[in-house]
Amino acid sequence: MARTVELLAKNIFKGVLVAEFVGIWGIYILFNKMNISQDFRQTMSKKSPFILEVHYQSIRTSGMYGIREQDQEKYLKSKS
(Lines give C-alpha, C1' and ligand atoms only; values in the text may rest on other atoms or scores of the structure.)
Protein backbone atom coordinates (compact mmCIF):
# COMPACT_ATOMS: atom_id res chain seq x y z
CA MET A 1 0.00 0.00 0.00
CA ALA A 2 2.74 2.46 0.99
CA ARG A 3 4.69 1.61 -2.16
CA THR A 4 1.73 2.37 -4.42
CA VAL A 5 1.18 5.73 -2.71
CA GLU A 6 4.86 6.53 -3.13
CA LEU A 7 4.73 5.55 -6.79
CA LEU A 8 1.61 7.64 -7.33
CA ALA A 9 3.28 10.64 -5.66
CA LYS A 10 6.32 10.27 -7.94
CA ASN A 11 4.12 10.12 -11.03
CA ILE A 12 2.16 13.19 -9.97
CA PHE A 13 5.40 15.04 -9.27
CA LYS A 14 6.77 14.11 -12.71
CA GLY A 15 3.53 15.25 -14.34
CA VAL A 16 3.61 18.60 -12.56
CA LEU A 17 7.27 19.04 -13.48
CA VAL A 18 6.58 18.31 -17.16
CA ALA A 19 3.59 20.67 -17.16
CA GLU A 20 5.70 23.48 -15.69
CA PHE A 21 8.46 22.87 -18.23
CA VAL A 22 6.00 22.95 -21.14
CA GLY A 23 4.39 26.12 -19.76
CA ILE A 24 7.70 27.93 -19.33
CA TRP A 25 8.85 26.84 -22.80
CA GLY A 26 5.59 28.09 -24.33
CA ILE A 27 5.89 31.45 -22.57
CA TYR A 28 9.48 31.80 -23.79
CA ILE A 29 8.47 31.08 -27.39
CA LEU A 30 5.57 33.55 -27.20
CA PHE A 31 7.75 36.27 -25.66
CA ASN A 32 10.50 35.70 -28.21
CA LYS A 33 8.07 35.87 -31.12
CA MET A 34 6.50 39.08 -29.77
CA ASN A 35 9.95 40.53 -29.19
CA ILE A 36 11.05 39.89 -32.79
CA SER A 37 7.95 40.45 -34.93
CA GLN A 38 6.05 43.72 -35.03
CA ASP A 39 3.37 42.06 -37.16
CA PHE A 40 2.88 39.38 -34.52
CA ARG A 41 2.49 42.10 -31.87
CA GLN A 42 -0.23 43.65 -34.03
CA THR A 43 -1.99 40.28 -34.21
CA MET A 44 -1.67 39.94 -30.43
CA SER A 45 -3.14 43.43 -29.94
CA LYS A 46 -6.30 42.20 -31.64
CA LYS A 47 -6.49 38.73 -30.08
CA SER A 48 -4.97 39.15 -26.61
CA PRO A 49 -4.34 42.76 -25.64
CA PHE A 50 -3.69 41.77 -22.01
CA ILE A 51 -0.74 39.55 -22.99
CA LEU A 52 0.65 42.31 -25.19
CA GLU A 53 0.37 44.79 -22.31
CA VAL A 54 2.38 42.43 -20.08
CA HIS A 55 4.97 42.17 -22.86
CA TYR A 56 5.27 45.96 -23.14
CA GLN A 57 5.63 46.28 -19.36
CA SER A 58 8.34 43.63 -19.19
CA ILE A 59 10.26 45.28 -22.02
CA ARG A 60 9.97 48.68 -20.32
CA THR A 61 11.20 47.14 -17.06
CA SER A 62 14.25 45.75 -18.84
CA GLY A 63 15.16 49.24 -20.05
CA MET A 64 13.94 49.18 -23.66
CA TYR A 65 11.73 52.19 -24.37
CA GLY A 66 9.74 53.25 -27.42
CA ILE A 67 8.56 49.84 -28.67
CA ARG A 68 4.90 50.55 -27.94
CA GLU A 69 5.14 53.96 -29.61
CA GLN A 70 6.76 52.46 -32.72
CA ASP A 71 4.02 49.85 -32.90
CA GLN A 72 1.25 52.42 -32.51
CA GLU A 73 2.80 54.58 -35.21
CA LYS A 74 2.94 51.62 -37.61
CA TYR A 75 -0.65 50.62 -36.83
CA LEU A 76 -1.89 54.15 -37.48
CA LYS A 77 0.00 54.34 -40.79
CA SER A 78 -1.41 51.00 -41.90
CA LYS A 79 -4.99 52.13 -41.15
CA SER A 80 -4.72 55.25 -43.31
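The table below lists the values:
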{"quantity": "Where labels lie 7 Å past Cα in the beta-carbon direction, separation of Val16 and Thr4 in nm", "calculated": "2.2 nm"}
{"quantity": "Loop-located trypsin sites (Lys or Arg not before Pro) in the chain whose Cβ has at most 14 other Cβ within 10 Å (DSSP)", "calculated": "none"}
{"quantity": "Partners for Lys74 among lysines (Cα-Cα distance below 24 Å; same-chain residues under 8 apart left out)", "calculated": "Lys33, Lys46, Lys47"}
{"quantity": "Within-12-Å neighbourhood charge of Ile51 [Cβ basis; K, R +1; D, E -1]", "calculated": "+3"}
{"quantity": "Directionally averaged shadow of segment 36-78, computed from the convex hull of its alpha-carbon atoms, nm²", "calculated": "2.8 nm²"}
{"quantity": "Protein accessible area in the chain, 1.4 Å probe - carbon and sulfur %", "calculated": "66 percent"}
{"quantity": "Theoretical FRET efficiency, 1/(1+(r/R0)^6), r = Cβ-Cβ of Gln38 and Thr61, R0 25 Å, to 0.05", "calculated": "0.80"}
{"quantity": "P(r), alpha carbons of segment 6-80 - 5 Å bins starting at zero, rounded %", "calculated": "3, 14, 19, 20, 12, 9, 7, 6, 5, 3, 2, 1, 0"}
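The values are calculated or read from the model by the stated rules, or taken from the named source; none is laboratory data. The model shown is predicted, which means the values in this text are computed figures rather than measured ones. Please note: Cβ atoms are built from the backbone with ideal geometry, for glycine as well, and neighbour counts cover all protein chains shown. Note: areas computed on protein heavy atoms with side chains; ligands, DNA, RNA excluded. Shrake-Rupley method; radii C 1.70, N 1.55, O 1.52, S 1.80 Å.
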